[in-house]
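Comments concern the structure below.
The values are calculated or read from the model by the stated rules, or taken from the named source; none is laboratory data. Note that this is a predicted model, so its numbers are computed, not measured. All Cβ positions, even for glycine, are placed from backbone atoms using ideal geometry, and neighbour counts span all protein chains on display. Heavy atoms of the whole protein, side chains included, go into the accessibility calculation; ligands, DNA and RNA do not. Shrake-Rupley method; radii C 1.70, N 1.55, O 1.52, S 1.80 Å.
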Amino acid sequence: MPTIQNQLFIDGRFVDAQDGATIDVLNPHDNSLITRVAEAKAADVELAVAAAERAFGPWSRMAAADRGRLLLKLADRIEACADELAHLESLDTGHPIRDARHIDVPRTAACYRYFGGMADKFQGSVVPVETGFLNYVMRSPIGVVGQIVPWNFPLMFTAWKMGPALAAGNTVVLKPSEITPLSTLRIAELMAEVGFPPGAVNIVVGYGHAAGQALAEHPRVGKIAFTGSTATGRRVVEASKGNLKRVQLELGGKGANIVFEDANLVAAVNGSAWAIFHNQGQACIAGSRLIVHERVADEFLDRFVGLAKSIRLGNPLDPDTEMGPLTSALHRDRVLAYVDVAREQGGEVLSGGRAPDAAELARGCYVEPTVVRARATDRVAQEEVFGPFVTVTTFKDDEEALAIANGTEYGLGSGLWTRDLSRAHRFGQAIRAGMVWVNSYKRVNPGSPFGGVGQSGYGREMGFEAMHDYTEAKSIWVNVDAVIPPHFKR
Ligand code: TXE
């Protein structure tokens, strides 16, 4: 069994909430209680911010290479605990254990390692200004940053947020989702073990309306980085305005995934199934809108629906399981309600659309892989369902494909399948999105910027972009040997 931490992590110590409140953490496989975790409210967030403020001076002045070394040590420690962390993530979120072990944990370690290496390589610049002056631009940390993480990829998303923030010299108060706090608390424990100083990282588990709101409003938090729904993102922007804190938003998506008539259909079918059904479709970049050329639609759908029906649902801790439960019962109900919405608007359910029959899954949050034929303007093709639910729409020509792809308010991830090189580049540039994958889908790497446009948010995680987003440019002018005549002559 993995180590389960169930207290808040403030100033280098695990502590109860000041009012003793707790949150039940459930296993989505059967809705049984895993543990009760301390619930932070505004007073606990205040303690965490104060600890992060005290830690900021020493942490930001520490040699960048030393901050980097701690992140590298953390990456090593995560790899040493890979089985345990995978188990914990799988138990808490419902990720199939094979994915948690071979995707979430390695990507988490890789992210901390990338930013550990980045810490002493991210640098400012010298500007060639007028004679007699030296002007250099430093990248200074912002200070205390607040980070709010959702429940779909807790282990990975905390790495995406904490890695660059810490490498750049900020201190962190992070609020995991109240639904899935366990891997984040374990990471905090590993951080303490490898030598992160008290206060550099603080974890306040709590509800959005209380702890999340307090963090977003906090007058001494310099930046808030948020991943979650577009509606909550708007509330975060509203809450942040008191001290004009910087805001970075990674919000919803409605990923277009276009299959052209010249695509390698075998690759397109497999890639499209990964695009939507990995993590039960609970991914902001999920390829949730399949847009298929009408000439290949029948053959494509025949194979794709066959594959969807064959996916093995089961207890996420079983190594043979390919798809686990959704992460909460509330969310399962939300996803299943969209099946009715699809039918009401004339959509045709080609597979799934219901909870599985198997008795051993009856108490869990399971939904069968669901494929729905819908029009591009239907609600299910416009709103983020965030489940194993994909709409299929056909098109006649490139112009129509692009109009459908760009026909939502979102702009996060999207993919296209074609053998035509110039079309691949043309669409890569024309699709309104933060990321486009050609003959592939959902590739991420700590070096490559991740984020969206439109209602998918702004700012970028990972890569140099993230380091920019976690620092301020500070311009310093030094008069080396300039003689400046007096401006006001007396
Ligand atoms: O998200 P919320 P929910 C989308 C997806 C899903 C929908 C609703 O479509 O169906 O959102 O999920 C914290 N101030 N995504 O309701 O509310 C909350 O505690 C500050 C997309 O779970 O956005 C949690 O830590 N924080 C997505 C985090 O926000 C607040 C990931 C996300 O919760 C808050 C998850 C408040 N007022 C859902 N209210 C993605 N982009 O990957 C809540 N929170």
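Quick one: is Glu299 away from the ligand (no atom under 16 Å from the Cβ), among the acidic types (Asp, Glu) and within 23 Å of Gly413 (Cβ to Cβ)? Step through it out loud before you land on a result.
Working: away from the ligand (no atom under 16 Å from the Cβ): yes; among the acidic types (Asp, Glu): yes; within 23 Å of Gly413 (Cβ to Cβ): no.
Answer is no for this residue.
Among the residues of the range 135-175, count how many are part of a loop (DSSP other than H, G, I, E, B) and either away from the ligand (no atom under 14 Å from the Cβ) or of a type outside the set (Val, Ile, Thr) (or both). Lay out the reasoning, then the answer.
Quick first cut of the range 135-175, residues part of a loop (DSSP other than H, G, I, E, B) only: 142-143, 149-153, 168-170.
Filter once more, so that each one left must be either away from the ligand (no atom under 14 Å from the Cβ) or of a type outside the set (Val, Ile, Thr) (or both): 142-143, 150-153, 168-170.
Number of matching residues: 9.
Looking at Glu178, Glu189, Glu193, which one is assigned by TED's automatic domain parsing to the domain that holds Ala75, assigned to a loop (DSSP other than H, G, I, E, B) and of a type in the set (D, E, K, R)?
Details: Glu189 fails: assigned to a loop (DSSP other than H, G, I, E, B); Glu193 fails: assigned to a loop (DSSP other than H, G, I, E, B).
After applying the criteria, what remains is Glu178.
Here is a yes/no grid of residues against (1) buried (at least 16 other Cβ atoms within 10 Å of the Cβ); (2) away from the ligand (no atom under 16 Å from the Cβ); (3) assigned to a helix (DSSP H, G or I); (4) on the phi > 0 side of the Ramachandran plot:
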{"site": "Gln280", "(1), (2), (3), (4)": "yes, no, yes, yes"}
{"site": "Ala308", "(1), (2), (3), (4)": "yes, yes, yes, no"}
{"site": "Leu326", "(1), (2), (3), (4)": "yes, no, no, no"}
{"site": "Glu360", "(1), (2), (3), (4)": "no, yes, yes, no"}
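Could you count how many residues in the range 423-473 are among the basic types (Lys, Arg), open to solvent by 20 Å² or more (accessible area, probe 1.4 Å) and part of a loop (DSSP other than H, G, I, E, B)?
Qualifying residue count for the region: 3.
Have a look at Ile23, Ile34 and point out the one that is in a strand (DSSP E or B) and open to solvent by less than 20 Å² (accessible area, probe 1.4 Å).
Numbers: Ile34 fails: open to solvent by less than 20 Å² (accessible area, probe 1.4 Å).
Matching residue, one of Ile23, Ile34: Ile23.
State the number of residues belonging to the range 310-322 that are surrounded by 19 or more Cβ atoms within 10 Å (Cβ to Cβ) and either within 21 Å of Pro181 (Cα to Cα) or assigned by TED's automatic domain parsing to the domain that holds Pro181 (or both).
At the first step, the residues of the range 310-322 found to be surrounded by 19 or more Cβ atoms within 10 Å (Cβ to Cβ) are 313-316, 321.
Pick out the ones that are also either within 21 Å of Pro181 (Cα to Cα) or assigned by TED's automatic domain parsing to the domain that holds Pro181 (or both) and you get 315-316.
Of the residues in that region, 2 qualify.
Going through the range 79-109 one residue at a time, which ones are open to solvent by 40 Å² or more (accessible area, probe 1.4 Å) and over 21 Å from Thr35 (Cβ atoms)?
Of everything in the range 79-109, those that are open to solvent by 40 Å² or more (accessible area, probe 1.4 Å) and over 21 Å from Thr35 (Cβ atoms) turn out to be Glu79, Ala80, Arg98, Arg101, His102, Pro106, Arg107.
Hey, among the residues in the range 239-253 that are assigned to a loop (DSSP other than H, G, I, E, B) and within 16 Å of the ligand (Cβ to nearest atom), which one's surrounded by the most Cβ atoms within 10 Å (Cβ to Cβ)? Lay out the reasoning, then the answer.
First, the residues of the range 239-253 that are assigned to a loop (DSSP other than H, G, I, E, B): 244-245, 251-253.
Next cut, within 16 Å of the ligand (Cβ to nearest atom) only: 245, 251-253.
Details: Lys245: 24, Leu251: 25, Gly252: 22, Gly253: 30.
So, considering only residues that are assigned to a loop (DSSP other than H, G, I, E, B) and within 16 Å of the ligand (Cβ to nearest atom), the one surrounded by the most Cβ atoms within 10 Å (Cβ to Cβ) is Gly253.
Considering only residues that are near the ligand (Cβ under 8 Å from one of its atoms), over 17 Å from the mean Cα position of the chain (by Cα) and crowded, with 24+ Cβ neighbours inside 10 Å, which ones fall in the range 189-231? Lay out the reasoning, then the answer.
Looking only at the range 189-231, we keep the residues that are near the ligand (Cβ under 8 Å from one of its atoms), and these are 206-209, 211-213, 215-216, 226-231.
With the extra rule that they be over 17 Å from the mean Cα position of the chain (by Cα), the set shrinks to 206-207, 209, 211, 213, 215-216.
Gly206, Ala211, Leu215, Ala216, listed by residue number.
Residues Arg234, Arg186: which one is without any contact (Cβ under 8 Å) to a residue 12 or more places away in the chain, on the phi < 0 side of the Ramachandran plot and within 19 Å of the chain's Cα centre (by Cα)? If you could, list the steps in order and put the result at the bottom.
Numbers: Arg186 fails: without any contact (Cβ under 8 Å) to a residue 12 or more places away in the chain.
One residue alone meets the criteria, Arg234.
Can you tell me which residue among Ala376, Ala337 is outside any loop (DSSP other than H, G, I, E, B) and either within 30 Å of Val453 (Cα to Cα) or in the same structural domain as Leu265 (by TED's automatic domain parsing) (or both)?
Details: Ala376 fails: outside any loop (DSSP other than H, G, I, E, B).
Checking each option against the conditions leaves just Ala337.
Can Asp340 be described as open to solvent by 40 Å² or more (accessible area, probe 1.4 Å), within 24 Å of Asp83 (Cα to Cα), out of contact with any Leu (no Cβ under 9 Å at 6 or more places or on another chain) and at pLDDT 95 or above?
On the way: open to solvent by 40 Å² or more (accessible area, probe 1.4 Å): yes; within 24 Å of Asp83 (Cα to Cα): no; out of contact with any Leu (no Cβ under 9 Å at 6 or more places or on another chain): yes; at pLDDT 95 or above: yes.
So Asp340 fails the test.
Is it the case that some residue within the range 296-303 is under 26 Å from the mean Cα position of the chain (by Cα) and of a type in the set (A, V, I, L, M, F, W, C)? Give the derivation first.
To start, the set of residues in the range 296-303 that are under 26 Å from the mean Cα position of the chain (by Cα) comprises none.
No, there is no match, as no residue in the range 296-303 is under 26 Å from the mean Cα position of the chain (by Cα) and of a type in the set (A, V, I, L, M, F, W, C).
Given the condition open to solvent by less than 50 Å² (accessible area, probe 1.4 Å) and in a strand (DSSP E or B), answer yes or no: does some residue in the range 55-78 qualify?
The answer is no; no qualifying residue exists.
How many residues are surrounded by 16 or more Cβ atoms within 10 Å (Cβ to Cβ) and among the basic types (Lys, Arg) if we restrict to the range 380-404? First the steps, then the outcome.
We begin by selecting, within the range 380-404, every residue surrounded by 16 or more Cβ atoms within 10 Å (Cβ to Cβ); these are 380-395, 398, 400-402, 404.
Narrowing the set further to residues that are among the basic types (Lys, Arg) leaves none.
Of the residues in the range 380-404, 0 are surrounded by 16 or more Cβ atoms within 10 Å (Cβ to Cβ) and among the basic types (Lys, Arg).
Can you tell me which residue among Ala275, Ala297, Ala268, Ala256 is over 27 Å from Met462 (Cβ atoms), open to solvent by less than 10 Å² (accessible area, probe 1.4 Å) and either of a type in the set (Gly, Ala, Ser) or in contact with a Leu (Cβ under 6 Å, 6 or more places away or on another chain) (or both)? Can you show your working first?
Values: Ala275 fails: over 27 Å from Met462 (Cβ atoms); Ala268 fails: over 27 Å from Met462 (Cβ atoms); Ala256 fails: over 27 Å from Met462 (Cβ atoms).
Matching residue, one of Ala275, Ala297, Ala268, Ala256: Ala297.
Which of the residues that make up the range 384-409 are within 16 Å of the ligand (Cβ to nearest atom) and not in a strand (DSSP E or B)? Before you say what the answer is, go through the steps one by one.
Narrowing the range 384-409 to residues within 16 Å of the ligand (Cβ to nearest atom): 384-391, 408-409.
Hits for the range 384-409 are Glu384, Val385, Phe386, Gly387, Pro388, Thr408, Glu409.
Yes/no per residue for (1) over 20 Å from Ala273 (Cα atoms); (2) charged (D, E, K, R):
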position	(1), (2)
Ser414	no, no
Arg419	no, yes
Arg426	yes, yes
Ala430	yes, no
Asn439	no, no
Gly452	yes, no
